[in-house]
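Structure first, then comments.
The values are calculated or read from the model by the stated rules, or taken from the named source; none is laboratory data. Since we're looking at a predicted model, the values are computed, not measured. So basically every Cβ, Gly included, is an ideal-geometry build from the backbone, and we count neighbours across all protein chains shown.
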Amino acid sequence: MHSPVSHRYCNLAVLAVLFAGAAGRLCAQQPAPAVPSQGPSLTVDRDPVRSPDAEAPKLPVVRKEGEGYVLHADVEEVDLNCTVLDGNRQVPDLKKENFQVFEDGVRQSIISFQHSDLPVSIALVVDNSGSMSRKRPSVNKSTLDLIAASNPQDEAFVVNFSDEAIIDQDFTSDVNKLREGLSHIEARGGTALYDAVAASADKLATDAKHPKQVIILITDGDDNASTLHLDQTIRRVQQLSGPVIYTIGLLFGDEDMSRSDVKEARHALEALSTETGGIAFFPKNIEQIDEIAAEVARDIRNQYTLGYHSTRPSTDQSFRRVEATAEGKGRGKLIVRTRTGYYPVARGAKKPAALEVR
């Protein structure tokens, strides 16, 4: 004989099934909500190159300014990629105890330390505007030389941008595929530099295999077509605890650029690099790009990575300014180059809309 409790559970189960079916019919009758436009985006121009038996990658994403970001599970864990210089020479033999890290002036306890050639995820973001047509062959060669001089486990994707940013090669370690992506030269339109950088940083945050990330930005002019401003672009990268940005400004030989335009372009590229811990280069001629590419490759491969837990509560979402210092026995004052700060990212923040795929 069945107990009253058994009958009660059976009745509840039947009601649950009936309710679920009715809810499903109601949902099916409702129109799908419209998806709003979500700011600067990357357009995919070629099929993804990941192996078909690999785990399906997430779509690259972009965000409106002011919306949430998803990056770290632990918002109090901060990693700093640091380049240490004694004059113009890199310092290769420091230990954990040689470093100090400060957040808003308060010393932090370094909990992790690495000085090894870590694999990197790289965004190659190259100006495809009309003024670049004669410079692109040399730029492409130097860019590929940089990849060839990098860690074999590195992965990279190619973004060509003019008034829009296009992924001409998705993540790969195959230099031949990167060469093909860089060869898609249209040389037209304006220069939406800030939008291209922000969207590339978003893609790195969502699709990259490696936590160490870099943007290599090559352009010959100032931005004249972006929806974002310079400060908004820097803020977005900082909110992502995002990539180190190396910029190469080919600001020579363009008679259409006024002195003020050149000054503004130089300021923007220096700000993007300085705020993220990278370097801005301004070659005097096209022949110097090879030397610069080699220097960027060396810089990426010889960094120290310091990790710490912030002493500030994760509920405080304001900007946190960071400084790293180093001392070495028998050396003068050492220069430590790293990002200037970051915005903590709360767990469970809203996911942004997916990229448009062409």
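Among the residues examined, Ala225 does not qualify as surrounded by fewer than 21 Cβ atoms within 10 Å (Cβ to Cβ) and either of a type in the set (Asp, Glu) or closer than 22 Å to Thr83 by Cα (or both). Looking only at segment 85-119, count every residue that is of a type in the set (Asp, Glu), closer than 15 Å to Tyr308 by Cα and either in contact with a His (Cβ under 9 Å, 6 or more places away or on another chain) or not in a strand (DSSP E or B) (or both) and tell me the total. Here the count works out to 2. When the residues of segment 328-340 are filtered to those that are surrounded by fewer than 16 Cβ atoms within 10 Å (Cβ to Cβ) and modelled with pLDDT of 95 or more, which remaining residue is nearest to Phe99 (Cα to Cα)? By that ranking, first place goes to Ile335. For Asp261, the criteria (1) part of a loop (DSSP other than H, G, I, E, B); (2) within 18 Å of Ser162 (Cβ to Cβ) hold in every case but one, which is (1).
Condition check ((1) among the hydrophobic types (A, V, I, L, M, F, W, C); (2) farther than 22 Å from His210 by Cα; (3) not in a helix (DSSP H, G or I)) across all residues:
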residue: Ser131; (1), (2), (3): no, yes, no
residue: Ser142; (1), (2), (3): no, yes, no
residue: Leu146; (1), (2), (3): yes, no, no
residue: Pro152; (1), (2), (3): no, no, yes
residue: Ala156; (1), (2), (3): yes, no, yes
residue: Asp168; (1), (2), (3): no, no, yes
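Here Thr219 meets each of (1) buried (at least 23 other Cβ atoms within 10 Å of the Cβ); (2) over 22 Å from Glu155 (Cα atoms) with one exception, condition (2).
Considered as a group, the residues in segment 163-192 that are more than 16 Å from Asn140 (Cα to Cα) and touching a Gly at 6+ places or on another chain (Cβ under 8 Å) include one that is surrounded by the fewest Cβ atoms within 10 Å (Cβ to Cβ), and that residue is Arg188.
Scanning segment 258-292 for residues that are of a type in the set (A, V, I, L, M), more than 17 Å from Arg339 (Cα to Cα) and touching a Lys or Arg at 6+ places or on another chain (Cβ under 9 Å) yields Ile286, Ile289. Test Pro137 against the stated conditions and say whether it is free of Cβ contacts under 8 Å to residues at least 12 places away in the same chain and surrounded by fewer than 22 Cβ atoms within 10 Å (Cβ to Cβ). Yes, satisfied. For segment 296-315, check the following and say yes or no: at least one residue is out of contact with any Asp or Glu (no Cβ under 9 Å at 6 or more places or on another chain), of a type in the set (D, E, K, R) and over 26 Å from Ile122 (Cβ atoms). Within segment 296-315, none of the residues are out of contact with any Asp or Glu (no Cβ under 9 Å at 6 or more places or on another chain), of a type in the set (D, E, K, R) and over 26 Å from Ile122 (Cβ atoms).
Residues of segment 105-121 that are more than 30 Å from Val175 (Cα to Cα) and surrounded by fewer than 15 Cβ atoms within 10 Å (Cβ to Cβ): Gly105, Val106, Arg107, Ser109, Ile111, Ser112.
Checking the condition of a type in the set (Gly, Ala, Ser), closer than 11 Å to Ser121 by Cβ and in contact with a Ser or Thr (Cβ under 9 Å, 6 or more places away or on another chain), which residue from Ala205, Ala199, Ala225 passes? On inspection, the qualifying residue turns out to be Ala205. Taking segment 306-336 as the range and being of a type in the set (Lys, Arg) and either out of contact with any strand residue (DSSP E or B) (no Cβ under 8 Å at 6 or more places or on another chain) or part of a loop (DSSP other than H, G, I, E, B) (or both) as the test, the residues that pass are Arg312, Lys329, Arg331, Lys333.
Restricting segment 257-315 to residues that are surrounded by fewer than 18 Cβ atoms within 10 Å (Cβ to Cβ) and under 24 Å from Lys95 (Cα atoms) leaves a set whose member that is farthest from the chain's Cα centre (by Cα) is Thr311.
May I ask you to verify whether Leu144 is modelled with pLDDT of 95 or more and within 23 Å of Ser41 (Cα to Cα)?
Criteria not met by Leu144.
Number of residues in segment 88-107 that are without any contact (Cβ under 8 Å) to a residue 12 or more places away in the chain and closer than 21 Å to Val244 by Cβ: the value is 2.
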